[in-house]
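Peer 1: The structure follows.
Please treat every number below as a calculation from the coordinates, not as lab data. Predicted model only: the values in this text are computed from it and were never measured. Positions of Cβ are generated from backbone atoms using ideal geometry, with glycine treated the same way; all protein chains shown enter the neighbour counts.
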């Protein structure tokens, strides 16, 4: 009983620790990455006792210290209670979504089997969407409680944008649910461990030589769903090209224009935690989660014959390492996107969401259904 | 008192407080947020009652979508002025609350408690069971409801177009 509780607490601690620290490091990567893209040097002024050599470590310490020692200003005409509550509402959903994301298969110590996932819910994906849908409140309430016209405009834009893209995001995942037949994220990750060869129906067996060696990852079975989901996920993080709620050039900073100090840091951390969450979701749903191609529970089994048996701990280490690498890749991709593309106009954001992503997601569901019925 | 009962009564107390706040808070935005809190607590009840699917849908649909639209409309129309308290409504509200309480307590004392409420199987309230009953036993009402929603959407679009 106590051991079970300790294991769950340890898993929750590890996940929160990794996500929050990765969010902090991403803040530094974003500044250095943007400098690299724009041919600048970037953040290199943080020196501790005259020592500026450790750029990452110094910035990681200096940034939060700077925010925490700034004045925490609450607009006198605003709503003091909600103004303080809003940053917590923004950070909360991005962190709790990680409860259902599997970061490895099972770890066996003695005769105790530990599922490498904080909470195993049979409604996993729905839980993710439910929590993600609560992310709007941080934006809306923060905007309203500031009692500022720019804030309010940003908040109204944010609520409309996030609700619109939730619809497209939810529909794009339906294809994945139909293919793997479960809402449980751990089961979806396990389902991506087989090879496409084993899924092909009799009539299409000739394709086996061509694509049969590929693992049955979501991106190969549902390529359109991946593009739709990734677009919608970037829109949900409210970053360029979808940064209309912030709109620096016309709304100053949109919904968090009246925030300073620690509370602004929380909005900032929420944005980067959302990047990590989006990356982890894309990894789990479309890129095999913790799966390493051809790695089974006791070693590699290659489709061209041959196997390479590995001890259990090495396998678990490889899986967790693969998951981390994939998440880091998608975090980097989102940062690259933010510094490479221009932003949309607001009507373009709405048109993309409702007139392009939504119909395409419906078409994807239809095509997937036809293929599944035909293959039976 | 064992743990589930304790959790139930604690949550129920919070639920009643937040529901009362929905009615009595003078500011519309505060009322809406109190309603969100009440909906979240109800969803915890569903999870405790072995129906995680309904609980999650409650958060997704009501707290995550409908209440956001409420807030959106409140902000769009700038209804942030405080509502004057209406004394006359209070007596009607109190009377109907008393009636409802009477009916409910009469019904609850009449009905017999289930033999073993915790004996619900693992599958009860799971997505599979819900989908099975929706698409096998209740497929006609389900489809009629979806057509009704479609009609409502088309109607809303037609009404919005006419005004402009």
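Peer 1: With a 10 Å cut-off between alpha carbons and a GNM built on chain A, which of A:190, A:345, A:112 moves the most?
Peer 2: Of A:190, A:345, A:112, the Gaussian network model singles out A:112 as fluctuating most.
Peer 1: Moving to a separate point now. Report, to the nearest 10°, how far helix A:2-37 tilts away from the longest principal axis of the Cα atoms in chain A, using its own Cα long axis and a range of 0 to 90°.
Peer 2: The answer is roughly 70 degrees.
Peer 1: Would you please classify the overall shape of the range B:1-82 from the alpha carbon gyration tensor, given that a ≥ b ≥ c denote the square roots of the eigenvalues, rounded means a/c under 1.5, and beyond that prolate means a/b larger than b/c while oblate covers the rest?
Peer 2: Note, shape of the range B:1-82 comes out oblate.
Peer 1: I would also like to ask the following. Quick check: residue separation of residue A:346 and residue A:66 times 0.36 nm, minus the Cα distance between them. What number comes out in nm?
Peer 2: 97.5 nm
Peer 1: Given the options A:249, A:146, A:164, state which has the largest fluctuation in a GNM of chain A using a 10 Å cut-off (strictly under) for Cα springs.
Peer 2: A:249
Peer 1: Within the P(r) computed for the range A:105-153, what percentage of the Cα pairs occupies the region above 15 Å?
Peer 2: Summing the P(r) tail past 15 Å for the range A:105-153 gives 66 percent.
Peer 1: Translational diffusion coefficient of the range A:146-266 at 10 °C, 1.306 mPa s, Stokes-Einstein with Kirkwood Rh over Cα pairs, in µm²/s as a whole number.
Peer 2: D, rounded to a whole number, is 92 µm²/s.
Peer 1: If you don't mind, another one. Going by how many other Cβ atoms sit within 10 Å of their own, how do A:88, A:331 line up, fewest first?
Peer 2: So the residues, fewest neighbours to most, are A:88, A:331.
Peer 1: Which value in Å does the Kirkwood hydrodynamic radius of chain A take, with 1/r averaged over all unlike C-alpha pairs and then inverted?
Peer 2: Taking every pair of different Cα atoms in chain A, averaging 1/r and inverting gives 22.3 Å.
Peer 1: Among A:221, A:36, A:183, which one shows the biggest mean-square fluctuation in a GNM of chain A, springs joining Cα atoms closer than 10 Å?
Peer 2: Of A:221, A:36, A:183, the most mobile in the Gaussian network model is A:36.
Peer 1: With each run of n ≥ 4 DSSP H residues scored as -39500 (n - 2.57), what mean residue ellipticity at 222 nm is computed for chain A after dividing by its residue count and rounding to the nearest 500 deg cm²/dmol?
Peer 2: -20500 deg cm²/dmol
Peer 1: Measure off 7 Å from each Cα along the Cα-to-Cβ vector at residue A:194 and residue A:356, then give the distance between these two points in nanometres to one decimal.
Peer 2: Reported label-point gap for residue A:194 and residue A:356 is 3.5 nm.
Peer 1: Further, regarding this structure: Taking neighbour counts of Cβ atoms within 10 Å as a proxy for exposure, in what order, fewest first, do A:259, B:62 appear?
Peer 2: Arranged by neighbour count, lowest to highest, A:259, B:62 become B:62, A:259.
Peer 1: What is the calculated FRET efficiency for residue A:333 to residue B:95, with r their C-beta to C-beta distance and R₀ = 41 Å, to the nearest 0.05?
Peer 2: 0.10
Peer 1: Another question about this same structure. I need the per residue convex hull volume for the range A:219-322, using only the alpha carbons, in cubic angstrom as a whole number.
Peer 2: Taking the convex hull of the Cα positions in the range A:219-322, it is 115 Å³ per residue.
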